[in-house]
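A.B. asks: Take a look at this one; I'll ask things after.
The values are calculated or read from the model by the stated rules, or taken from the named source; none is laboratory data. Keep in mind that this is a model prediction, so the values were computed, not measured. Reconstructed Cβ throughout: ideal geometry from the backbone, glycine too, with neighbour counts over all protein chains shown. Accessible surface areas use protein heavy atoms only, side chains included; no ligands, DNA or RNA. Shrake-Rupley method; radii C 1.70, N 1.55, O 1.52, S 1.80 Å.
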Amino acid sequence: MAKVILFDLDGTLLPMDTEQFVHNYLQVLAKKVSSCIDSAIFIKALWAATEAMITNLDPDKTNEQVFTETFLQLTQLNKEEIWPVFDEFYSQVFPALSHLCQPTPLAAQVVEEALQQGYRVAVATNPVFPRQAILHRLTWAGVDHIPFELVTVYEECCFTKPHRHYYEWICETLQVQPEQCIMVGNDMQEDMSASQAGMKTFLVEGYVIDRGQPQYRVDDRGTLADLYEKLKERKGLFAPATFGN
């Protein structure tokens, strides 16, 4: 049977309208850094630096390094003047954005049931955010108490979704084969792309994101409640006979 279940965070374990969340997040962050840089220039540079992370395939550079280099080059700011503002934002302001999410106790129930069934568990959220921001969202989702073996953050990862390199990096870190993993997520392109690395996929319905192309294999689908029942009853992807030893 499968050994590891990888859980996406935004829109999966943490139900939310991702587009609405990102819009509000950017507006609040731009206001916070307005004493250092014009808001419009800041947002443009932030998106460009994020895109640089997403397209980077250099295994010798973390996402944080790529973001930092690109952002500082575009804005001509010194890290010493802007990064303390970022740190203060994530520690003091970012937590207030929790009202944009719709957390459910099902998230913890699903992961706890996976552990009960003997699976190893990890959080495979797109690592374009600092660790602090991701840890806050784990708290909002009500799963911060769970002993995940890995949480992908931009300080440690060198790749992002939807690249197969990201999923291969996770497998290397956890010392498992892709065929021993199930990726659970709500994004047709970012999460279901795990199939290209050889993983099975489960699409969580409710806040599905689908940009149309490319399309990847979806092995199973359903709501978080459906996922919980399938885990508990060991059905579908979670049936012992689904995978080899």
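A.B. asks: What about LEU74, is it in contact (Cβ under 8 Å) with a residue 24 or more places away in the chain and over 27 Å from TYR207 (Cβ atoms)?
C.D. replies: Values: in contact (Cβ under 8 Å) with a residue 24 or more places away in the chain: yes; over 27 Å from TYR207 (Cβ atoms): yes.
When the stated conditions are applied, LEU74 passes them.
A.B. asks: Additional query: Specify which of the listed residues (HIS145, HIS165, HIS136) is within 25 Å of GLN102 (Cβ to Cβ) and either in contact with a strand residue (DSSP E or B) (Cβ under 8 Å, 6 or more places away or on another chain) or not in a loop (DSSP other than H, G, I, E, B) (or both).
C.D. replies: Details: HIS145 fails: either in contact with a strand residue (DSSP E or B) (Cβ under 8 Å, 6 or more places away or on another chain) or not in a loop (DSSP other than H, G, I, E, B) (or both); HIS165 fails: within 25 Å of GLN102 (Cβ to Cβ).
Exactly one residue qualifies, and that residue is HIS136.
A.B. asks: I've got another one for you. Under the condition of being under 22 Å from ASN126 (Cα atoms) and among the small types (Gly, Ala, Ser), which residue from the stretch 35-64 is most open to solvent (accessible area, probe 1.4 Å)? Talk me through it step by step, then tell me what you get.
C.D. replies: Step one: list which residues in the stretch 35-64 are under 22 Å from ASN126 (Cα atoms), which gives 42-64.
After this cut, where a residue has to be among the small types (Gly, Ala, Ser) as well, the list is 45, 48-49, 52.
Details: ALA45: 6, ALA48: 42, ALA49: 0, ALA52: 23 Å².
Out of the qualifying residues, it is ALA48.
A.B. asks: How about the stretch 65-103: which of its residues are open to solvent by 50 Å² or more (accessible area, probe 1.4 Å), in a helix (DSSP H, G or I), under 21 Å from LEU135 (Cα atoms) and out of contact with any helix residue (DSSP H, G or I) (no Cβ under 7 Å at 6 or more places or on another chain)?
C.D. replies: GLN65, PRO84, ASP87, GLU88, GLN92, ALA96, HIS99, listed by residue number.
A.B. asks: Is it true that some residue in the stretch 212-224 is at pLDDT below 95, in a loop (DSSP other than H, G, I, E, B) and within 23 Å of ALA108 (Cα to Cα)?
C.D. replies: No, the stretch 212-224 contains no residue that is at pLDDT below 95, in a loop (DSSP other than H, G, I, E, B) and within 23 Å of ALA108 (Cα to Cα).
A.B. asks: Still on this structure, I have one more. Kindly list, by first and then second residue, each pair from a residue in the stretch 29-57 that is without any contact (Cβ under 8 Å) to a residue 24 or more places away in the chain to a residue that is open to solvent by less than 30 Å² (accessible area, probe 1.4 Å) and outside any helix (DSSP H, G or I), limited to pairs with Cβ atoms under 9 Å and residues at least 6 apart or on different chains.
C.D. replies: Listed pairs, sorted by first residue: ALA30/ILE37; SER39/VAL33; THR55/THR160.
A.B. asks: Step by step: first the residues of the stretch 38-68, then only those that are acidic (Asp, Glu) and under 22 Å from the mean Cα position of the chain (by Cα), then the one that is nearest to GLU155 (Cα to Cα). Which residue is that? Steps first, please.
C.D. replies: In the first step, residues of the stretch 38-68 are kept if they are acidic (Asp, Glu); the result is 38, 51, 58, 60, 64.
Now drop any that are not under 22 Å from the mean Cα position of the chain (by Cα), which leaves 51, 58, 60, 64.
Working: GLU51: 16, ASP58: 14, ASP60: 12, GLU64: 5 Å.
So, considering only residues that are acidic (Asp, Glu) and under 22 Å from the mean Cα position of the chain (by Cα), the one nearest to GLU155 (Cα to Cα) is GLU64.
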